[in-house]
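Structure first, commentary second.
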Amino acid sequence: MKTLRIIFSFLLISAPAFAQEATTESGFMRDPFADPLFPLYLVIGFVFVTAVLVVLVALYMLKVLNIFIRKAAEERAEKSGIVYTPEPGYFSKFWVWINGFRSKEEEKDIMMEHSYDGIRELDNHMPPWWKWLFYATIIWGVGYLVVYHVTSSMPLMEDEYLAEVEKAAEQKAKLLAANPPAVIDENALVYEHNEEILKKGRTIYVTNCASCHMADGQGSIGPNLTDDYWLHGGSIKDIYLIVKNGVVEKGMIPWAPVLSPEQMRDVSFYIKSLKGTNPPNPKAPQGELYVEEEAAPAADTVKIAGL
Ligand code: HEC
């Protein structure tokens, strides 16, 4: 009864909200928490609650009905002078049936011959639910064999995988055709202060390079990338080639197998942009002083400082 009362009060709370939805639709829609589908959810919730309520009421009625039936049976038994034994419920009947339980009286029929120190054994069979499951797996197995190996009407796991790989390759080709990757000509690289490229380069740098060159390029295992001194040259082409090919014997990894040419370009541009940033704990200069080859236009001093 308590559950029913709870559900009733819940319905009473949700009913005004439902009514409001119908009358002041625009105002309701302007509600900051309202999803466009909120009315739909509300209706579904309403229907669900109603359905639960109906089922609960039906169960309750069934219970009441059972009590009456039992009372009547008890009275009848009393009248005819027999002891009333209640019928087992549907569930317990089902339980006995699905497990194949035997009653005490039946035990003598399934008692086995042998006896060890007085201990006897009952010839109990597997429970029916287990046997059905077992038969079902046999039928499933036959079906599986026929479908996958005899008629081959469904693809095997390996074929499925290959089909997916092929599909992915197709998609990749389509995507590549739609926006072809920038062709990087390492001999004609020209550094430009392009915020978009530098942003991408920074992400690549932070994930791949900061462990050796430190987050702000001050250098640690690898050299300082912010000063004017370079071991392998400071032109954008030099930097790109070092990133690409590495200096394996000195501990600088070749990045060509890991990064795409575009990514290597982006990170090289980023390194170039670090020049003159003066990080707090710079590693001592290594290599030779590099002076930018092209003479920058005298007027554009700010840009030179930024480079
Ligand atoms: C495992 C450590 C390590 C990682 C990771 C690493 N480097 Fe290096 N890097 C070095 C070392 C060591 C050197 C110096 C090589 C030498 O002495 O010739 C170096 C040198 C360089 C140079 C040349 C510097 C100069 O003075 O000429 C550049 C440019 C460079 N690294 C860029 C990168 C970039 C970009 C990444 C990330 C994609 C990266 N490094 C990741 C260790 C590393």
At the level of C-alpha centres, the distance separating segment 194-214 and segment 98-114, in angstrom, is 77 Å
Can you tell me the FRET efficiency between residue 126 and residue 56 if r is taken as the Cβ-Cβ distance and R0 is 35 Å, rounded to the nearest 0.05? 0.40
5 angstrom amide H check on residue 111, placed H, neighbours 5+ away: 123
Please compute the Cα-Cα pair-distance distribution of segment 86-183 with 5 Å bins starting at 0, giving whole percents from short to long. 2, 9, 8, 10, 9, 8, 8, 7, 7, 6, 6, 5, 4, 3, 3, 2, 2, 1, 0
Hey, with R₀ at 41 Å, roughly what FRET efficiency would residue 215 and residue 170 work out to, going by the Cβ-Cβ distance, to 0.05? 0.55
Let's see if you can work this out: charge +1 on each Lys and Arg Cβ, -1 on each Asp and Glu Cβ, no other charges. What is the dipole magnitude of segment 84-146 about its Cα centre, in debye to the nearest 20? 320 debye
What list of ³J(HN,Hα) couplings, whole Hz, do you get for segment 134-149 from phi and the Karplus terms 6.51, -1.76, 1.60, once you set θ to phi - 60° and write x for glycine and proline? 5, 4, 4, 5, 5, 4, 4, x, 5, x, 4, 4, 5, 5, 8, 10
In order through segment 98-111: 3J(HN,Hα) via Karplus (6.51 cos²θ - 1.76 cosθ + 1.60), integer Hz, x for Gly, Pro: 6, 9, x, 5, 9, 7, 4, 5, 7, 4, 5, 6, 10, 5
Burial order of peptide ranges 254-263, 198-207, 171-180 (average beta-carbon count within 10 Å, highest first): 198-207, 254-263, 171-180
Residue by residue through segment 257-271, the couplings from Karplus 6.51 cos²θ - 1.76 cosθ + 1.60 with θ = phi - 60°, in Hz, x for Gly and Pro, are x, 9, 9, 6, x, 5, 5, 5, 5, 4, 6, 5, 4, 4, 4
Long-range HN-HN contacts of residue 252 with modeled amide H, under 5 Å: 247
FRET efficiency (residue 79, residue 43; Cβ distance; R0 51 Å; to 0.05) is 0.40
Spacing of the two label points (7 Å from each Cα toward its C-beta) at residue 260 and residue 178, in nm: 1.3 nm
Just how far, in whole angstrom, is segment 221-236 from segment 256-273 if you go by their alpha carbon centroids? 15 Å
Determine, for each peptide in 236-243, 125-132, the mean count of other beta carbons within 10 angstrom over its residues, then list the peptides with the highest first. 236-243, 125-132
Ranking 84, 270 by Cβ neighbours within 10 Å, fewest first, what do you get? 84, 270
Unit charges at the beta carbon, dipole of segment 186-306: most positive-side option, 190, 208, 276: 208
Once amide H atoms are built 1.01 Å from N in the peptide plane, which residues 5 or more positions from residue 288, or in another chain, come under 5 Å H to H? 230, 231, 233
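Readers should treat all values here as calculations from the given coordinates under stated rules, not as data from a laboratory. These numbers were taken from a predicted model, which means no experiment stands behind them. Glycine gets a Cβ as well: all are built from the backbone with ideal geometry, and neighbour counts include every protein chain shown.
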